[in-house]
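The structure appears below as structure tokens.
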Amino acid sequence: MSSLSVRIAGMDLDNPTMLASGIMGETGPSLVKMAEWGAGALVTKSIGTEPRNGYPNPTVVELPFGYLNCMGLPNPGIEAFGEEMIIATNAGIPIIGSIFASDGDGFAELAGQMEDYGASAVELNLSCPHAEGYGMELGTDPQTVRSIVSKVKDSIGLPVFAKVTPNTEKLLDVGKAVQEGGGDAVVAINTVKAMFINIEMRRPVLSNITGGLSGPAIRPIGVRCVYELYEALDIPLIGVGGIENWRDALEYIMAGASAIQVGSALGRKGLESFREILGGIENYMNISGFNSIESMVGAAHE
């Protein structure tokens, strides 16, 4: 094992970077391409039971400090996605199936199908801020979160990760609910609910009025959430939100994340982001005397 390798919930990764759900995870070939560019694990696009078109355009706004989107969870449905998983599992690294549903039974059914497709773990999308009846609407209630996680854990033999929202004052209660439900890791965070108004048109730009903000603007929020969750929980954390370079990644790791996910950076800076982040981390470790990623996890708490 190299100094960059990590182990999360029994899942071995060559390095601590993961492709975040929602970017380049829609097809088997795009997932394989992310593995070729250096990702240690791949999270798929969030997949539901039935095909879903999402919201009409405009659904994405690029801002100086990130992206604002209201895609509305478009996806081909779990049956059709099986063909993409056949291709994706040839990447040779762990594939984490991201799923969304309106209740525990739906999540459990989808998780079982992801397991059948060869996923190494599932990530429960309990945090999308712009899809009515899904995501954040479920993920802000600790009792609902606990029930969903428990039902999924009872239905499959894979690690279960829960992606949580920062758009709640109950973040720590939600994190504890994931742990109490038997969840293997918490992924923090998803996008921050936001909006953008075109002053010439005098109206919101996004078709859904509000959307989710990603990119560098939300990194300090994500780091704070991981830091607080690390002190409250005993299960691993996976940090995501605005990571564009090795320093950003180390902020999350030192706050308490055992691994990190990269998303908007791939659009803003390019596919080489994985390699640049890993190169910077490795150089920092050589200079600072750290011999493993694990030895840096939570260092900011010491």
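The values are calculated or read from the model by the stated rules, or taken from the named source; none is laboratory data. Predicted, not measured: the structure shown is a model, and the values here were computed from it. Cβ: placed from backbone, ideal geometry, glycine included. Neighbour counts: every protein chain shown.
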(request) Within the range 10-23, work out how many residues are at pLDDT 95 or above, assigned to a loop (DSSP other than H, G, I, E, B) and over 11 Å from the mean Cα position of the chain (by Cα). (result) 3
(message) What are the pairs with Cβ atoms under 6 angstrom where one residue, in the range 48-71, is of a type in the set (A, V, I, L, M, F, W, C) and the other, located anywhere, is surrounded by fewer than 18 Cβ atoms within 10 Å (Cβ to Cβ) and in a loop (DSSP other than H, G, I, E, B)? Sequence gap at least six, or different chains.
(response) VAL61/PHE196; VAL61/VAL205; LEU68/PHE196; MET71/GLY54
(request) Search the range 202-239 for residues being under 12 Å from VAL192 (Cβ atoms) and aliphatic (A, V, I, L, M), and hand back the single one that is surrounded by the fewest Cβ atoms within 10 Å (Cβ to Cβ). (result) ILE221
(request) Please work out which one of (1) within 24 Å of VAL60 (Cβ to Cβ); (2) out of contact with any strand residue (DSSP E or B) (no Cβ under 8 Å at 6 or more places or on another chain); (3) without any contact (Cβ under 8 Å) to a residue 12 or more places away in the chain is the condition ARG219 fails and give its number. (result) (3)
(request) Could you figure out which of (1) in a loop (DSSP other than H, G, I, E, B); (2) free of Cβ contacts under 8 Å to residues at least 40 places away in the same chain; (3) surrounded by fewer than 24 Cβ atoms within 10 Å (Cβ to Cβ) isn't true of ILE243? (result) (3)
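Every residue, every condition in (1) part of a loop (DSSP other than H, G, I, E, B); (2) polar (S, T, N, Q); (3) surrounded by 17 or more Cβ atoms within 10 Å (Cβ to Cβ); (4) in contact with a Gly (Cβ under 9 Å, 6 or more places away or on another chain), yes or no:
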site: SER30; (1), (2), (3), (4): no, yes, yes, no
site: LEU42; (1), (2), (3), (4): no, no, yes, yes
site: LYS45; (1), (2), (3), (4): yes, no, yes, yes
site: THR49; (1), (2), (3), (4): yes, yes, yes, yes
site: ASN57; (1), (2), (3), (4): yes, yes, no, no
site: GLU62; (1), (2), (3), (4): no, no, no, yes
site: TYR67; (1), (2), (3), (4): no, no, yes, yes
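Can you pull out every residue in the range 85-143 that is at positive phi and in contact with a helix residue (DSSP H, G or I) (Cβ under 9 Å, 6 or more places away or on another chain)? Please lay out each step first, then the result.
Of all residues in the range 85-143, those at positive phi come to 92, 118, 133, 135.
Passing the criteria: GLY92, GLY118.
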(message) Just to check your reading of the model, which residue among SER258, SER295 is closer than 23 Å to SER46 by Cα and either in contact (Cβ under 8 Å) with a residue 24 or more places away in the chain or surrounded by fewer than 24 Cβ atoms within 10 Å (Cβ to Cβ) (or both)?
(response) SER258
(request) Being buried (at least 24 other Cβ atoms within 10 Å of the Cβ), out of contact with any Asp or Glu (no Cβ under 7 Å at 6 or more places or on another chain) and within 14 Å of ILE238 (Cβ to Cβ) is the filter here, so list the residues in the range 164-196 that pass it. (result) VAL164, GLY175, VAL178, GLY183, ALA185, VAL186, ALA188, ILE189, ASN190
